[in-house]
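The values are calculated or read from the model by the stated rules, or taken from the named source; none is laboratory data. None of these values were measured; they are calculated from a predicted model. Here Cβ is always computed from backbone atoms with ideal geometry, including for glycine, and neighbour counts include all displayed protein chains.
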Amino acid sequence: MKMAFLVHNEYYTPRMMQLLTDAGIDYYTRWDHAQGKGHGTDPHLGMGTYASMNAVLMIAFPDEAVLDDLIQRIAAANKEITRAADRIRLFQVPLDRIV
């Protein structure tokens, strides 16, 4: 099993949610208005020069084939996002148990 955290600019939330729908994923936890800064990206602080915000999705994947499909869909979507700093990020970690 795997857990994935997906981080994206809130501007791309509709696109991200469509990716999940297209992948048959109807389960997730989402945090909106997340602040932060990634490697080589602009800060997303919700004010001033850095007024944009991020959203974070947490998804547990008992079936890794579904995760692999989502990764392919994100890679395709990222090719359409011109600014590298605005691309969807996916962080994958092991998931030992769901209770």
request  = For segment 15-63, name all the residues that are at pLDDT below 95 and under 23 Å from Asp96 (Cα atoms).
outcome  = Pro62, Asp63
query = Going by the structure shown, is Glu64 touching a residue at least 40 places away in the same chain (Cβ under 8 Å) and in contact with a His (Cβ under 8 Å, 6 or more places away or on another chain)?
reply = no
